[in-house]
Amino acid sequence: MTTTARHLWPFLVKEWPALGGATVMTGLLTVAELAKPWPMKLVIDDLFARGDGAFALSHHDYRILAAIALLIMGIALLDAVATYCSDLWLQSAGERIAHDLRIALYDHLQRLSLRFHLRRQKGDLLTRVTADVNAIGDLFSQSIGTLAQSALLLCGMLAVAFTLDPLLALVTSLTLPLLGAVSFAYRRRVRASSRRQRAQEGEMASRANEALSAMPLVKAFGSEDLERDRVTGPSARRMALGIEVSRLQARFDGLVGVLVGIGTAAVVVVGVQRVAAGALTPGDLVVFASYASRANTPMRRVAREATRVSRTMARADRVAEILSADDMLVERPGAYSGARATGAVELDHVSFGYEAGRVALRDVSLRVSPGELVAVVGPSGAGKSTLGALIARFYDPSSGRVLIDGRDARDCGLLWLREQVGVLLQDTVLFTGTVQENIAYASAADGPQVVAAARAAAAHDFIGSLPDGYATELGPQGAGLSGGQRQRIGIARTILRDPPILILDEPTTALDMESELQVVRGLTRLMRGRTTLMITHSPALAQNADRVLVVDDGGIVADGPPAELVADGALLRRLGQARRQERPVPGPAGPVPASLRRIVDA
């Protein structure tokens, strides 16, 4: 069983009652289709076989005619009921399969590690969750039923034809091997082109998502044309592949029509000769001719749906690729999920790299006592944020251990660990919804608890000035709020979670003085009584810490009281100068204005 089939099979098995019922209805529908020419055969052989010219109908003939009329209506009723049930069950099963697959795929994406998501384009993942999964649902609601019905109808026609006259049936089936060979060849080419087409759709969605998410920057740089070109390229390649698939489909349909036409002509020629020889009745020839002419429709449907299935299987391969990804944090059997942590944190000879050859931390050892406030400072790219990410277990170390209360973080339940470690990032992420919903995110807090947390975060006053207070609807990413306001909502959200350990990653960067004062006031309340690692470039914030860690080039180069390490900034300046000597930055192309030099010096 292929990887794609192995991952999709459980979703099909779950819908076996609907799919089984649809299969039965498809069989009945095939019987109705096969029976449609037979009333005319009865009319020709039983009522018209008396000779030429006009003739009178007897009472027996009227009874036969009434029976034929009832047979026609019965066939139509069977066809209607079977079509209704088959379409309903198949479409319902397709919708449920798409829903279950979409939720399973989304859940799996959330279980995958942060490392996986940082390497993937968001637009491509969104395309897999939406368009690719929808196409798989449509495969069952549209293509599978049509394909099964058409294949059964072809087999049924051949079975009836061999029963009536084996020689003529053999003539009818001569074109089927050619049709199968052509279908197989085109199906492989269509699937390959469709897979490349889906890849271009994912790239196009990713680039559009990037530009739309950074629209203020696009406007500021006037780069609308540049972003248009970034999307135009993948769109043009997707268009070319779509045209190629359409050309293959059209060529395939035309070739199928020619093969079916050849088969129908052969049936008519040989059939007349068989009637003349007395091997067939005129009614039998009508049935053969009807089957031969109508075989064009199921053959075309088989050809068309086989091509569509090939295109959809390219999408199914993309979904299965994500479902088979196993880059995730593993929760060990019997993982600890006990009482609230005291807040002791230790790193024991920890090394970590995001990729092979790209080391972020080298043999780092560190102990933080419960309730201790530790500031982590150092040049950009030194490994400060990686230190916090390992404590929060966004990643597992390549070697060494991260310990929470003396227990390896890998031996702790992920849900328990997330409750013990609160993370406040440089730019707080807000979601579409009310202010209250954003503060109470992932918690069951009620209104009074949300207000209390907002007061502690120094956010209550500005929330009260919003049009609807805590019920104010925020736009995507908290549009309409300043950076300081978003950060204070993030602090209130963290206060509500009440974690014993805090990771603060540049909480006041890019804020003006007034906003920074408000945020620091909220942080002061937040850090009280909690173990805190505060990653910062601000000497003023670092001076309020119990101790300071200076991180550079993936290691801790200094550890001591703030008065010794950050009071005069001498160590940080030396580190910065060493960095510039290792990686010199080209100077300005022209003379630097005196006003700009004064700002930079300051």
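The values are calculated or read from the model by the stated rules, or taken from the named source; none is laboratory data. Computed from a predicted structure; not experimentally measured. Here the Cβ is made from the backbone with ideal geometry for all residues, glycine too, and neighbour counts use every protein chain on show. To get the accessible areas, we keep the full protein, side chains included, count just its heavy atoms, and leave off ligands, DNA and RNA. Shrake-Rupley method; radii C 1.70, N 1.55, O 1.52, S 1.80 Å.
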Next item on the list: Output yes when any residue across segment 12-25 is over 30 Å from residue 319 (Cβ atoms), of a type in the set (A, V, I, L, M, F, W, C) and either open to solvent by less than 40 Å² (accessible area, probe 1.4 Å) or at pLDDT below 85 (or both), and no when none is.
Entry: no
Check: Out of segment 383-411, which residues are open to solvent by 20 Å² or more (accessible area, probe 1.4 Å), within 32 Å of the chain's Cα centre (by Cα) and touching a residue at least 60 places away in the same chain (Cβ under 8 Å)?
Finding: 385, 394, 396, 410, 411
Notebook entry, point to check: residue 218 versus (1) more than 30 Å from residue 306 (Cα to Cα); (2) modelled with pLDDT of 75 or more; (3) among the hydrophobic types (A, V, I, L, M, F, W, C): which is the lone unmet condition?
Noted result: (2)
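How many of the residues making up segment 89-116 are closer than 19 Å to residue 199 by Cβ and within 13 Å of the chain's Cα centre (by Cα)? Full working, then the answer.
The initial filter retains those residues of segment 89-116 that are closer than 19 Å to residue 199 by Cβ, namely 105, 109, 116.
With the extra rule that they be within 13 Å of the chain's Cα centre (by Cα), the set shrinks to 105, 109.
Looking only at that region, the number is 2.
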Check: Identify, please: which residue in segment 60-104 is within 20 Å of residue 319 (Cβ to Cβ) and among the small types (Gly, Ala, Ser) and is, among those, most open to solvent (accessible area, probe 1.4 Å)?
Finding: 104
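The rows are residues; the columns are (1) over 23 Å from residue 182 (Cα atoms); (2) of a type in the set (Gly, Ala, Ser).
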position: 218; (1), (2): yes, no
position: 234; (1), (2): yes, no
position: 239; (1), (2): yes, no
position: 245; (1), (2): no, no
position: 262; (1), (2): no, no
position: 266; (1), (2): no, yes
position: 276; (1), (2): yes, yes
Check: Do you know which residues across segment 426-447 are part of a loop (DSSP other than H, G, I, E, B), among the β-branched types (Val, Ile, Thr) and either open to solvent by less than 30 Å² (accessible area, probe 1.4 Å) or out of contact with any strand residue (DSSP E or B) (no Cβ under 9 Å at 6 or more places or on another chain) (or both)?
Finding: 428, 429
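Answer with yes or no whether residue 185 is open to solvent by 40 Å² or more (accessible area, probe 1.4 Å), free of Cβ contacts under 8 Å to residues at least 12 places away in the same chain and of a type in the set (A, V, I, L, M). Steps first, please.
Numbers: open to solvent by 40 Å² or more (accessible area, probe 1.4 Å): yes; free of Cβ contacts under 8 Å to residues at least 12 places away in the same chain: yes; of a type in the set (A, V, I, L, M): yes.
Answer is yes for this residue.
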Next item on the list: Exactly one condition in (1) of a type in the set (A, V, I, L, M); (2) in a helix (DSSP H, G or I); (3) closer than 12 Å to residue 492 by Cα is not met by residue 415; state its number.
Entry: (3)
Check: Looking at (1) at pLDDT below 85; (2) on the phi < 0 side of the Ramachandran plot; (3) open to solvent by 30 Å² or more (accessible area, probe 1.4 Å), can you tell me which one residue 39 breaks?
Finding: (3)
Check: So residue 325 fits all but one of (1) surrounded by fewer than 21 Cβ atoms within 10 Å (Cβ to Cβ); (2) modelled with pLDDT under 90; (3) over 24 Å from the mean Cα position of the chain (by Cα); (4) outside any strand (DSSP E or B); what number is the exception?
Finding: (3)
Notebook entry, point to check: Applying the selection to segment 144-162, what residues are over 15 Å from residue 25 (Cα atoms) and either at pLDDT below 80 or among the aliphatic types (A, V, I, L, M) (or both)?
Noted result: 154, 157, 158, 159, 160, 161
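To keep it simple, each residue is scored yes or no on (1) in contact with a strand residue (DSSP E or B) (Cβ under 7 Å, 6 or more places away or on another chain); (2) at pLDDT 85 or above; (3) of a type in the set (Phe, Trp, Tyr); (4) over 19 Å from residue 26 (Cβ atoms).
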| residue | (1), (2), (3), (4) |
| --- | --- |
| 57 | no, no, no, yes |
| 70 | no, yes, no, yes |
| 96 | no, yes, no, no |
| 104 | no, yes, no, yes |
| 119 | no, no, no, yes |
Check: Restricting segment 526-554 to residues that are on the phi < 0 side of the Ramachandran plot and surrounded by fewer than 17 Cβ atoms within 10 Å (Cβ to Cβ), which is nearest to the chain's Cα centre (by Cα)?
Finding: 537
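Looking at 241, 212, which is the one that is open to solvent by less than 40 Å² (accessible area, probe 1.4 Å) and within 27 Å of the chain's Cα centre (by Cα)? Explain how you work it out, then say what you get.
Working: 212 fails: open to solvent by less than 40 Å² (accessible area, probe 1.4 Å).
241 is the lone residue from the list that is open to solvent by less than 40 Å² (accessible area, probe 1.4 Å) and within 27 Å of the chain's Cα centre (by Cα).
Return yes when residue 284 is open to solvent by 40 Å² or more (accessible area, probe 1.4 Å) and either on the phi < 0 side of the Ramachandran plot or in a helix (DSSP H, G or I) (or both) and no when it is not.
Taking the combined requirement at face value, the residue does not satisfy it.
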Margin query: Can you list residue pairs whose Cβ atoms sit under 7 Å apart, with the first residue in segment 114-140 being of a type outside the set (Phe, Trp, Tyr) and the second being open to solvent by 20 Å² or more (accessible area, probe 1.4 Å) and not in a helix (DSSP H, G or I)? Count only pairs 6 or more apart in sequence or on different chains.
Written below: 114/394; 115/327; 115/354
Notebook entry, point to check: Hey, among 351, 380, which residue is among the polar types (S, T, N, Q), over 29 Å from the mean Cα position of the chain (by Cα) and over 21 Å from residue 539 (Cβ atoms)?
Noted result: 351
Checklist line | Any hit, segment 163-181, residues being at pLDDT 80 or above and closer than 22 Å to residue 309 by Cα | finding: no
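Looking at the structure I just gave you, is residue 369 hydroxyl-bearing (Ser, Thr, Tyr), touching a strand residue (DSSP E or B) at 6+ places or on another chain (Cβ under 8 Å), open to solvent by 60 Å² or more (accessible area, probe 1.4 Å) and within 26 Å of residue 529 (Cβ to Cβ)?
Details: hydroxyl-bearing (Ser, Thr, Tyr): yes; touching a strand residue (DSSP E or B) at 6+ places or on another chain (Cβ under 8 Å): yes; open to solvent by 60 Å² or more (accessible area, probe 1.4 Å): yes; within 26 Å of residue 529 (Cβ to Cβ): yes.
The answer is yes for residue 369.
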Next item on the list: All but one of (1) within 29 Å of the chain's Cα centre (by Cα); (2) open to solvent by 50 Å² or more (accessible area, probe 1.4 Å) hold for residue 464, so report the exception by its number.
Entry: (1)
Checklist line | Condition broken by residue 385, with the remaining ones in (1) at pLDDT below 90; (2) touching a Leu at 6+ places or on another chain (Cβ under 8 Å); (3) over 30 Å from residue 252 (Cβ atoms) satisfied | finding: (2)
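Filter the helices (runs of 4 or more DSSP H) completely within segment 448-565 down to those with at least 3 residues that are closer than 26 Å to residue 342 by Cα.
Working: elements: 460-464, 483-497, 513-527, 539-542, 562-565.
Answer list for segment 448-565: 483-497, 513-527.
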Note to self: Given the condition more than 30 Å from residue 540 (Cβ to Cβ), open to solvent by less than 30 Å² (accessible area, probe 1.4 Å), modelled with pLDDT of 90 or more and part of a loop (DSSP other than H, G, I, E, B), answer yes or no: does some residue in segment 328-337 qualify?
What the structure shows: yes
